[in-house]
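The values are calculated or read from the model by the stated rules, or taken from the named source; none is laboratory data. Predicted model only: the values in this text are computed from it and were never measured. Here the Cβ is made from the backbone with ideal geometry for all residues, glycine too, and neighbour counts use every protein chain on show. Remember, those area values only see protein heavy atoms, side chains included, never the ligands or the DNA or RNA. Shrake-Rupley method; radii C 1.70, N 1.55, O 1.52, S 1.80 Å.
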Amino acid sequence: MNSLLKKKLVVDEQQQEKFDTDGFFILPNALTSSHIDELLRVVDRLYTKYKHERKLSSGAPFQMRNIVSVDPIFKSLMIHEKMLSIAVDVFGYNIQLRTSHMDIRPPMKRDHNSVDLGSTKSFFPWHSDQPDFGWPIENGMPPYMEMKIGYYLTDLSDHFSGAICIARGSHKTDPWVKFKGQKIIDPDRIVEVNVRPGSALVWRTALYHCVSPNYSKQTRKCLYFGYHPRWMRPSDFDHQHSALLANCSPIELQLLGELGSGQKNYSGDDPEVFPVSRYWRPKPEDIPLKEWAIKKLNTKA
Ligand SMILES: O=C(O)CCC(=O)C(=O)O
C-alpha cells in the first residue's frame with residue numbers, strides 16, 4: 001500500500017522533478033528571520049552549555065542528536081506546516097522521525113586535512129547516510145529509504161563557509177570517477193549548498209555528501225530533520241521518553257515514533273494469538289498525518 005498522495009500539498013512539478021533527478025531541491029526563506037533568531041538562541045544556549053561541560057576546544061565542531069527531545073522549539077519545527085507538507089509530498093504520510101540534529105562548525109584554519117574536499121583523509125569524508133552494514137543494494141544502488149530537511153541558520157553563501165556539499169544525482173547513478181589513479185567524486189556533480197540564513201535543503205540522504213571547510217569568520221549552525229517509514233527503527237531513539245510524549249498531539253506522537261492514539265498496543269489487540277505490529281499494519285488512528293494531509297488537500301481544491 002503506497003502512502004503517497006495522488007496530488008501534492010505544496011511541492012510543485014519542478015521541485016519534484018529536481019528531487020527525483022538530482023536528489024534535492026533548495027527552498028530559500030523557509031524560515032522567517034524571527035524564527036531563525038529564536039532557534040539560534042536555543043542553539044547557542046546548548047552549544048555554550050556543552051562546550052563548557054564537555055571541555056570542547058574553541059574550534060571543535062559539535063553535533064547534538066535527538067534535539068526534538070531537548071527543547072520544545074525543535075519539536076515545533078518538526079511540525080512546521082509547510083515543511084511537514086513537503087516531507088509528506090516527497091515521502092508519504094506513513095512516516096516518522098529517524099533523527100533530528102544540530103551541527104555546529106566553528107571557523108577552521110587552512111591545513112592539509114581541510115583542502116582536499118571530502119577525501120577519506122579530510123575532516124569530513126564523502127558518505128551517504130545509512131545504518132551499519134548498509135542498505136540492501138539493488139542493481140548497485142540503494143533504494144529510497146529516507147530523506148532529510150536541512151535548515152541553515154547562518155550565512156553560507158560564500159565558497160568554503162562550512163556548507164554541505166552534495167553529489168548531484170548520486171542516489172541514482174554512481175558519482176565516482178578515476179582521477180590520477182584515485183577514485184574521486186565527479187567534480188561536475190558537486191554542488192556546494194551556498195545559501196542564505198533561513199534556507200532549507202530537501203534531500204535524499206542516499207546522496208553522497210560532505211561538508212566544505214569553514215574558512216569564514218563565523219561559526220556555521222544548522223539543523224537536520226530526517227524522516228523514514230514508520231516500519232523502520234529510528235537511529236536516535238527506540239521509544240522517546242515519557243516526558244517528551246506527554247501532551248503531544250496525535251501527529252507529534254506519530255512523528256516521534258508512537259501510535260497517534262497515544263496507546264501502547266504496538267503489537268495489536270490480540271498479542272497472544274495474533275500479534276501484528278501497528279507499524280507494519282497501521283490503524284487509521286496510528287497515522288493521523290494521513291487524515292491531516294487529505295483534509296489539507298480538500299481545502300486546497
Ligand atoms: O553538517 C552537515 O551539514 C552535514 C551533516 C550530515 O552529514 C548529515 O546530515 O548526514
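Filter the stretch 119-151 for residues that are among the aromatic types (Phe, Trp, Tyr) and either out of contact with any helix residue (DSSP H, G or I) (no Cβ under 6 Å at 6 or more places or on another chain) or modelled with pLDDT of 95 or more (or both); which is nearest to residue 223 (Cα to Cα)?
The selected residue is 151.
Out of the residues in the stretch 163-177 that are within 13 Å of the ligand (Cβ to nearest atom) and small (Gly, Ala, Ser), state the one that is farthest from residue 141 (Cα to Cα).
That would be 163.
Out of everything in the stretch 150-162 that is within 20 Å of residue 35 (Cβ to Cβ) and near the ligand (Cβ under 10 Å from one of its atoms), what residue ends up being nearest to the chain's Cα centre (by Cα)?
Checked the stretch 150-162; the qualifying residue nearest to the chain's Cα centre (by Cα) is 150.
Within the stretch 108-125, is there a residue that is assigned to a loop (DSSP other than H, G, I, E, B) and within 13 Å of the chain's Cα centre (by Cα)?
no
For the stretch 158-177, does any single residue satisfy the condition of being modelled with pLDDT of 95 or more, assigned to a strand (DSSP E or B) and of a type in the set (Lys, Arg)?
no
Going by the conditions given, is residue 254 under 19 Å from the mean Cα position of the chain (by Cα) and assigned to a loop (DSSP other than H, G, I, E, B)?
No, not satisfied.
Just to check your reading of the model, which residue among 202, 191 is among the β-branched types (Val, Ile, Thr), open to solvent by 10 Å² or more (accessible area, probe 1.4 Å) and away from the ligand (no atom under 11 Å from the Cβ)?
One residue alone meets the criteria, 191.
Among the residues of the stretch 101-112, is any within 19 Å of residue 24 (Cβ to Cβ) and surrounded by 14 or more Cβ atoms within 10 Å (Cβ to Cβ)?
Scanning the stretch 101-112 turns up at least one residue that is within 19 Å of residue 24 (Cβ to Cβ) and surrounded by 14 or more Cβ atoms within 10 Å (Cβ to Cβ).
Let's see how each residue does on (1) among the polar types (S, T, N, Q); (2) free of Cβ contacts under 8 Å to residues at least 40 places away in the same chain; (3) surrounded by 21 or more Cβ atoms within 10 Å (Cβ to Cβ); (4) within 16 Å of the ligand (Cβ to nearest atom):
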position: 225; (1), (2), (3), (4): no, no, yes, yes
position: 230; (1), (2), (3), (4): no, no, yes, no
position: 234; (1), (2), (3), (4): no, no, no, yes
position: 239; (1), (2), (3), (4): no, yes, no, no
position: 242; (1), (2), (3), (4): yes, yes, no, no
position: 245; (1), (2), (3), (4): no, yes, no, no
position: 251; (1), (2), (3), (4): no, no, no, no
position: 255; (1), (2), (3), (4): no, no, yes, no
position: 262; (1), (2), (3), (4): no, yes, no, no
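Out of everything in the stretch 119-165 that is of a type in the set (A, V, I, L, M) and under 20 Å from residue 201 (Cα atoms), what residue ends up being most open to solvent (accessible area, probe 1.4 Å)?
145
For residue 154, indicate whether it is closer than 19 Å to residue 63 by Cβ, β-branched (Val, Ile, Thr) and either in contact with an Asp or Glu (Cβ under 8 Å, 6 or more places away or on another chain) or part of a loop (DSSP other than H, G, I, E, B) (or both).
yes
Look through the stretch 12-42, keep the residues that are of a type in the set (A, V, I, L, M, F, W, C) and within 17 Å of the chain's Cα centre (by Cα), and return whichever of them is most open to solvent (accessible area, probe 1.4 Å).
26
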